[in-house]
Amino acid sequence: MLTVAVLISGTGSNLRALLEAASAADYPARIIVVGADREADGLAHAEAFGIPSFVVPWQGKERRAEWGSELADQLTVWNPDLIVLSGLMRLLPAAVVSRFAPNIINTHPAYLPEFPGAHGVRDAIEAQVSQTGASVIVVDEGVDSGPILAQERIAIVPGDDEHTLHERIKPVERRLLIDVVRDIANGAIDLAAHREPTPHS
Ligand code: GAR
């Protein structure tokens, strides 16, 4: 059974979908803890499912390294097989990524490498493109730049605004995320293949 820690910042609707999927007897992964960078609304979903949670409050960019180190210490206590960033709106410090890589994945509301960053949905609307998408990637030290594990196109329709488009993207993200976590658990996706080669000294 694959053990999973999920990190969030917001409403946690994708977290909730993963909690629901993981509560099925035949799903090969279990969420063991949910973490957040603030008292996020989505922590209520963890409580509803009887899953422990923790908060490592964000203290500003100048203290990113300290925040990352505290977050990494919390995660180490739980020792999950996989860390899922599900709407965590902070860039993980490189030291945290390297501690857990390649076992960190992220869900993103755009068809990467298009529209990376914190405003993937808004950026697609502003670019006036006809389609965007949803992606699940391996987290590396860049901004949404890691290897793509799954992605799907979603049309932008006349009248779409950031909210309506994001609400259409999220169900796709949920399906991709649930499938990717299942595939990691059953071995169909091998994250070790995405491990950075160790530099020769
Ligand atoms: C999701 O769409 C996720 O992809 C996005 O935040 C939303 C969280 O929704 N993450 C990013 O944009 C990260 N760059 P939720 O809190 O309702 O699950």
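The values are calculated or read from the model by the stated rules, or taken from the named source; none is laboratory data. Everything quoted here is computed from the prediction, not taken from an experiment. Glycine also receives a Cβ, built like all others from the backbone with ideal geometry; neighbour counts cover every protein chain displayed.
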Check: How many of the residues making up region 92-125 are over 21 Å from residue 172 (Cβ atoms) and acidic (Asp, Glu)?
Finding: 0
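Quick grid of which residues meet (1) modelled with pLDDT under 95; (2) within 26 Å of residue 94 (Cβ to Cβ); (3) small (Gly, Ala, Ser):
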site: 116; (1), (2), (3): no, yes, no
site: 124; (1), (2), (3): no, no, yes
site: 134; (1), (2), (3): no, yes, yes
site: 167; (1), (2), (3): no, no, no
site: 171; (1), (2), (3): no, no, no
site: 191; (1), (2), (3): no, yes, no
Next item on the list: Return only the number of the condition from (1) buried (at least 18 other Cβ atoms within 10 Å of the Cβ); (2) more than 10 Å from the ligand (Cβ to nearest atom) that residue 134 does not satisfy.
Entry: (2)
Next item on the list: Can you tell me which residue among 11, 3 is surrounded by fewer than 21 Cβ atoms within 10 Å (Cβ to Cβ), of a type in the set (Val, Ile, Thr), in contact (Cβ under 8 Å) with a residue 40 or more places away in the chain and part of a loop (DSSP other than H, G, I, E, B)?
Entry: 11
Notebook entry, point to check: In region 170-195, how many residues are charged (D, E, K, R) and more than 14 Å from the ligand (Cβ to nearest atom)?
Noted result: 5
Note to self: Against the conditions (1) surrounded by 21 or more Cβ atoms within 10 Å (Cβ to Cβ); (2) outside any helix (DSSP H, G or I), where does residue 124 fall short? Just the number, please.
What the structure shows: (2)
Item checked: Looking only at region 13-46, and only at residues there that are touching a Leu at 6+ places or on another chain (Cβ under 7 Å) and farther than 27 Å from residue 187 by Cβ, the one that is farthest from the ligand (Cβ to nearest atom) -> 37
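Filter region 64-121 for residues that are within 11 Å of the ligand (Cβ to nearest atom), touching a helix residue (DSSP H, G or I) at 6+ places or on another chain (Cβ under 9 Å) and not in a loop (DSSP other than H, G, I, E, B) and give the result. Working first, answer last.
From region 64-121, those within 11 Å of the ligand (Cβ to nearest atom) are 84-91, 106-110, 112, 115-121; that's our starting set.
Then keep just the ones that are touching a helix residue (DSSP H, G or I) at 6+ places or on another chain (Cβ under 9 Å); that gives 84, 86-87, 90-91, 107-110, 112, 115-117, 119-121.
Correct list: 84, 107, 108, 120, 121.
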